[in-house]
1. Hey, among the residues in the range 87-103 that are of a type in the set (A, V, I, L, M) and crowded, with 17+ Cβ neighbours inside 10 Å, which one's farthest from I26 (Cα to Cα)?
2. Go through (1) surrounded by 14 or more Cβ atoms within 10 Å (Cβ to Cβ); (2) of a type in the set (K, R); (3) over 17 Å from F37 (Cα atoms) and name the single condition R55 misses.
3. Run down R55, R20, R39, R13 and say which single residue is within 17 Å of S98 (Cα to Cα) and within 12 Å of the chain's Cα centre (by Cα).
4. Condition test on L84, is it surrounded by 13 or more Cβ atoms within 10 Å (Cβ to Cβ), without any contact (Cβ under 8 Å) to a residue 60 or more places away in the chain and farther than 22 Å from L127 by Cα?
Amino acid sequence: MQEDKIYEYAVIRLVPKVEREEFFNIGLVLFSKREKFIRVEFYLCPDKFKLMHSRLDYEDVVQNLEAFQKIAEGKKDGGPIAALEVPERFRWLTAVRSSVVQTSRPHPGKSKDLDKTFDKLFAELVL
């Protein structure tokens, strides 16, 4: 029988006006230390983005999200943080910050299938 895997996840948020602390969910990062697993995906709806009436540039935000993803995945072009071990990358990505791309606090869980759990959470919390 397959054993439960302990994981943590955080929701990636877009905060168009940091001073107002309003946000909407645009992605998810899920991590399991024991499994050395990390997965990040995002979806930034262009129509919803236009409704924000902010000075943010859509392409700039997408580039920031792509950099976030490169760091999580440990890509060579992700910079020095991407070279860290999986747990350190997750902690860096979920650190509290005051920028337009933020994450929720990490939440724990157990799963037999991390990819399936990711897909379920992504559908519930982002799409």
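1. Filtering first and then ranking leaves L93.
2. R55 satisfies all of (1) surrounded by 14 or more Cβ atoms within 10 Å (Cβ to Cβ); (2) of a type in the set (K, R); (3) over 17 Å from F37 (Cα atoms) except (1).
3. R13
4. yes
The numbers here are math on the coordinates, done by the rules we state, and not lab data. Being a predicted model, the structure only gives us computed values, none of them experimental. Methodologically, a virtual Cβ is constructed for each residue, glycine included, from the backbone with ideal geometry; neighbour enumeration extends over all protein chains shown.
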